[in-house]
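Everything below concerns the one structure shown next.
The values are calculated or read from the model by the stated rules, or taken from the named source; none is laboratory data. Model, not experiment: these values are computed from the prediction. Reconstructed Cβ throughout: ideal geometry from the backbone, glycine too, with neighbour counts over all protein chains shown. Accessible surface areas use protein heavy atoms only, side chains included; no ligands, DNA or RNA. Shrake-Rupley method; radii C 1.70, N 1.55, O 1.52, S 1.80 Å.
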Amino acid sequence: MTSIILASASPRRSELLTQIGVAFSVQPAHIDETPRASESPGDYVERLAREKALAISADFPGDIVLGSDTSVVLEGAILGKPSDEAEATIMLTRLSGKTHQVMTAIAVTKGEHCESRLVVTDVSFRVLSQGEIAAYVATGEPMDKAGSYGIQGLGGIFVKQLKGSYSAVVGLPLQETAALLANAGCIVWKHWPSSRESQS
C-alpha cells in the first residue's frame, strides 16, 4: 500500500495535512538551501520544495512524498528565519506598513515523477510601533519563522489584509496540495470517514 511521507519537520505543515484528513509519516529532508546566483525568489522556493521531495523519494520510491518550502519576500528580497532577536526586530520594522509576498511551493513525487506548484499570497501589515515589535520579539514566536512572524499565532494581529491563500502563508496551500496528491493517486476526500463509520 502506498504511503504518504511529509518531507518536512514543520509542525504547522503537519497540522494542515491532518486538518484535511491525510494520513502520513514525517521524514525531514536535509538539503542545501543556499540560493543560486540570479535565482528569483519564486524559482528558489519551488526548487527547494522539489529537492526536498526528491531527496526523500530516492529512499522511498514506492511512496508519495510531499515537499514544501515557504519564503517571505519584500520588494524582491527574501526574508528568511532570523538569526537573533535583533534581526527579527529589523525584519518586522521593514514589514511594518507594507505589503509583502509569501511564496509557498509544494512538490509531490511518486517514483521519479515530480509535480510542483508555486502559490503567491500578498500580505499587508499595518504600521507597527517599536513597542509592539519589541513585545512580539520577546515572546520568541518570530525566531523559527520566515519573515519573523507567524500569521496563525500572535503575529496575526499585524495583518491588515491578505490576498490569496491563508493556508499557504501558514506553510501549506491546501487546495494545491490536495490537487497534487490526487494527481499522484491519492484523492483526499475518498479517505474521509463517513458519518456511519465515525459513529461505529
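Counting only strands (runs of 3 or more DSSP E) that sit wholly inside region 72-134, those with at least 3 residues that are open to solvent by 60 Å² or more (accessible area, probe 1.4 Å) and out of contact with any Pro (no Cβ under 6 Å at 6 or more places or on another chain) are 113-125.
For region 40-71, give me each residue that is among the charged types (D, E, K, R) and not in a helix (DSSP H, G or I).
Matches in region 40-71: 59, 63, 69.
Looking only at region 24-71, which residues are touching a Gly at 6+ places or on another chain (Cβ under 9 Å), closer than 15 Å to residue 4 by Cβ and surrounded by fewer than 19 Cβ atoms within 10 Å (Cβ to Cβ)? Selection gives 61, 62. I need the full set of residues from region 3-23 which are farther than 22 Å from residue 166 by Cα and surrounded by 16 or more Cβ atoms within 10 Å (Cβ to Cβ), in order please. If the condition is that a residue be farther than 22 Å from residue 166 by Cα and surrounded by 16 or more Cβ atoms within 10 Å (Cβ to Cβ), then 4, 5 are the ones that fit.
Residue 169 passes every criterion in (1) in a loop (DSSP other than H, G, I, E, B); (2) closer than 21 Å to residue 6 by Cβ apart from (1).
Does region 1-27 hold any residues that are touching a Ser or Thr at 6+ places or on another chain (Cβ under 7 Å) and farther than 25 Å from residue 101 by Cα, and which are they? Answer for region 1-27, where residues must be touching a Ser or Thr at 6+ places or on another chain (Cβ under 7 Å) and farther than 25 Å from residue 101 by Cα: 3, 5, 25, 26. Here 84, 43, 144, 63 are screened, and the one residue that is within 30 Å of residue 184 (Cβ to Cβ) and free of Cβ contacts under 8 Å to residues at least 60 places away in the same chain is 43. Per the listing 150, 156, the residue uniquely part of a loop (DSSP other than H, G, I, E, B) and under 30 Å from residue 22 (Cα atoms) is 150.
Of the residues making up region 135-169, just one is out of contact with any strand residue (DSSP E or B) (no Cβ under 9 Å at 6 or more places or on another chain), among the β-branched types (Val, Ile, Thr) and crowded, with 16+ Cβ neighbours inside 10 Å, namely 137.
Go through region 170-196 and report how many residues are open to solvent by less than 90 Å² (accessible area, probe 1.4 Å) and at pLDDT below 90. The number of residues fulfilling the criteria is 2.
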